[in-house]
Amino acid sequence: MNIALIAHDQKKEEMVQLAVAYEGILQKHHLFTTGTTGLRIMENTKLQVTRFLSGPLGGDQQIGAMIAKNEMDVIVFLRDPLTSQPHEPDILALLRLCDVHRIPVATNLATAEILLKAVEQGNMAWREI
């Protein structure tokens with residue numbers, strides 16, 4: 001599966017912890033990240049990732065393009081709901097694309113863990129609907 005991992009600045013440490021905890025699951029899939037998030041993941045795990053630009057510089061849109069071309073299966077986007085983001089329109093566009101193309105997206109750690117456990121069990125019923 002193609003899995004995107006994105007995290008706002010205040011959530012990058014949580015993303016690293018998630019990647020470490022679920023490294024065994026994630027290593028079986030193709031991972032795509034925005035810039036700094038991917039760098040932090042690679043520094044702290046043995047995971048191989050394809051890094052796009054930083055979110056504010058177009059990384060969110062690059063992942064959105066993959067969604068639009070039906071090349072993405074799962075998104076983990078740890079958002080910081082308490083900090084205003086200068087690229088909020090890009091974030092909303094990415095989430096809208098997930099809804100349009102029925103791509104499961106986790107925006108917090110609890111949902112991310114549930115989603116990754118479903119991936120591990122091969123429980124991808126949403127792809128068959």
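The values are calculated or read from the model by the stated rules, or taken from the named source; none is laboratory data. These numbers were taken from a predicted model, which means no experiment stands behind them. Ideal geometry is used to build each Cβ from the backbone, glycine not excepted, and the neighbour counts take in all protein chains shown. Just the protein is used for accessible areas: all its heavy atoms, side chains included, with ligands, DNA and RNA removed. Shrake-Rupley method; radii C 1.70, N 1.55, O 1.52, S 1.80 Å.
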For the structure I just gave you, tell me whether N2 is open to solvent by 10 Å² or more (accessible area, probe 1.4 Å), touching a residue at least 24 places away in the same chain (Cβ under 8 Å) and closer than 25 Å to G122 by Cα. yes
Members of the range 70-79 found to be within 14 Å of R102 (Cβ to Cβ) and open to solvent by less than 10 Å² (accessible area, probe 1.4 Å), listed by number: M72, V74, I75
When only residues in the range 23-41 that are outside any helix (DSSP H, G or I) and open to solvent by less than 70 Å² (accessible area, probe 1.4 Å) count, which is farthest from D80 (Cα to Cα)? H29
Here is a list: L109, L82, L47. Which entry is within 26 Å of A21 (Cα to Cα), surrounded by fewer than 13 Cβ atoms within 10 Å (Cβ to Cβ) and touching a helix residue (DSSP H, G or I) at 6+ places or on another chain (Cβ under 8 Å)? L82
Considering the range 56-69 alone, what residues qualify as being in a helix (DSSP H, G or I) and open to solvent by less than 70 Å² (accessible area, probe 1.4 Å)? G59, D60, Q62, I63, G64, A65, M66, I67, A68
Please pick out the residue among V16, V20 that is crowded, with 17+ Cβ neighbours inside 10 Å and either assigned to a helix (DSSP H, G or I) or aliphatic (A, V, I, L, M) (or both). V16
Extreme residue, nearest to S54 (Cα to Cα), among residues of the range 85-106 that are surrounded by 13 or more Cβ atoms within 10 Å (Cβ to Cβ) and modelled with pLDDT under 85: H87
Has the range 42-55 got at least one residue that is within 18 Å of P104 (Cβ to Cβ), touching a residue at least 40 places away in the same chain (Cβ under 8 Å) and not in a strand (DSSP E or B)? no
By residue number, the members of the range 33-48 that are over 12 Å from D9 (Cα atoms), among the β-branched types (V, I, T) and touching a Ser or Thr at 6+ places or on another chain (Cβ under 9 Å) are T33, I41
Subset of the range 70-84 (residues that are outside any strand (DSSP E or B), under 11 Å from the mean Cα position of the chain (by Cα) and either at pLDDT 95 or above or within 20 Å of I25 (Cβ to Cβ) (or both)): M72, D73
